[in-house]
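For reference, the structure is listed below as structure tokens.
Readers should treat all values here as calculations from the given coordinates under stated rules, not as data from a laboratory. It should be emphasised that the depicted structure is a prediction, and the values quoted were computed from it without experimental measurement. Glycine gets a Cβ as well: all are built from the backbone with ideal geometry, and neighbour counts include every protein chain shown.
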Amino acid sequence: MKKYFVLLLVGFVSFSGYSQKLEKIKGNKEVVDVYETLEDFNSIQISNQLEVTLKQSDVNDYHLETDSNLLDVIVFEIIDGALHIFTNKEIQSSKELTLDINFIDIDKITLYDNSEVKGLNRFEMDSLSVMVLDDSEFKLDVLTDELIVTMSNDTKGDLAVKGANLNVILNDGASLKGDLTVNDCVFAFNDSSDFEMDGDAANINVTTTGDTQTDMSELRGENVSVNTSDDSEIVLNATKSLIVYAQDDSVISIYGNPDIIMEGFKDSSMLIKK
């Protein structure tokens, strides 16, 4: 009985969250400007192909410039401290659709359904989690003690980050570029994901699976630990130490002259010194 209940619950959540068909609407080309304050919130969730700019400020508010008949279509809801921004109809066209959000402090950004976020200034906070799904995109500049980035489904990111800890998970064709200066990095690259970041890190731990091809030659790490499998290929730049566990048909190429520790080297895996 428990098994059937769980399956029905999962099916209901999937249907209610992703299968709903929205009525279509076109803007009436009568553009209006709206400025509104927002109650306190600590996270932002954006969906339905909306393009939003974010700016850290001393107030929580938004500016919306769009066709007048679309004002009630773009919805702002704060639920349990999370600001949800979405549409209750499918916007097919508009003369103008500009949405700017000012926030005091947040700890999570979630993007769904081909939505897009661009930061207008450097965000400074203790920690931030960024989750990006369904062909969504972001461009952010972050100063933080801890940043977690999770991306899936052909998403794209452009990231500048400075801080203590960075954790990145890329799945299913996700692509991340930018530059970083951090102490500790943990990376997981799966299933044709793409990573291209410059910078420096004291410690790097990276895992690759699937047919991912990753070039990290411009990211210099003092101490690097790598675990590769399947058909994945990775290029690394290590200056002090490199710990390797490789299996299957994976290939590791290394720049620099680190001390190399082989924890495991199996099957047809390869280690190439550049």
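Scan region 69-169 for GluC sites (Glu not before Pro) in coil per DSSP, keeping those whose Cβ has at most 15 other Cβ atoms within 10 Å, and list them by number.
Of the GluC sites (Glu not before Pro), the ones in loops of region 69-169 whose Cβ has at most 15 other Cβ atoms within 10 Å are 96.
So for the chain, what are the equivalent ellipsoid semi-axes in whole Å, largest first, each being the square root of 5 times an eigenvalue of the Cα gyration tensor?
Equivalent ellipsoid of the chain: 40, 22, 16 Å, largest first.
Once both axes come from the Cα atoms, what is the angle between helix 2-18 and the longest principal axis of the chain, in degrees from 0 to 90, rounded to 10?
60
Summing -39500 (n - 2.57) over the DSSP H runs of n ≥ 4 in the chain and dividing by its residue number, what mean residue ellipticity at 222 nm do you reach, to the nearest 500 deg cm²/dmol?
Mean residue ellipticity at 222 nm (helix-derived): -2000 deg cm²/dmol.
If the cut-off is a Cα-Cα distance under 20 Å, which aspartates and glutamates reach residue 266, setting aside same-chain residues fewer than 8 apart in sequence?
Reachable aspartates and glutamates: 211, 230, 231, 233, 248, 249.
How large is the Rg to Rh ratio of region 122-274 when both quantities use alpha carbon positions and Rh follows Kirkwood?
0.97
Rounded to the nearest 5, what is the percent of antiparallel bridges among the DSSP beta bridges in the chain?
Taking every DSSP beta bridge with both residues in the chain, the antiparallel ones total about 15 percent.
What shape does region 79-193 have by the C-alpha gyration tensor, where a ≥ b ≥ c are the square roots of the eigenvalues, rounded means a/c under 1.5, and otherwise prolate means a/b greater than b/c and oblate the rest?
Because a/c hits 1.5 or more and a/b fails to exceed b/c, region 79-193 counts as oblate.
Just for the Cα atoms in region 213-270, what are the lengths along the principal axes, largest first, rounded to whole Å?
27, 22, 12
Assign unit charges at the C-beta atoms only (+1 for Lys and Arg, -1 for Asp and Glu), then state the dipole size of region 83-216 relative to its Cα centre in Debye, rounded to the nearest 20.
300
Among the lysines, select those whose C-alpha is under 22 Å from the C-alpha of residue 118, and discard any that sit fewer than 8 residues away in the same chain.
Once the sequence-local lysines are set aside, what remains near residue 118 is 55, 95, 108, 139, 156, 162, 177.
If we sort 237-244, 80-87 on the protection proxy, mean other Cβ atoms within 10 Å, highest first, what's the order?
Packing proxy ranking, top to bottom: 237-244, 80-87.
Which semi-axes, in whole Å and largest first, does the equivalent ellipsoid of region 23-120 have when worked out from the alpha carbon gyration tensor as the square roots of 5 times its eigenvalues?
22, 14, 11
At what distance in angstrom do the alpha carbon centres of region 198-239 and region 55-118 lie from each other?
Cα centres, region 198-239 to region 55-118: 36 Å.
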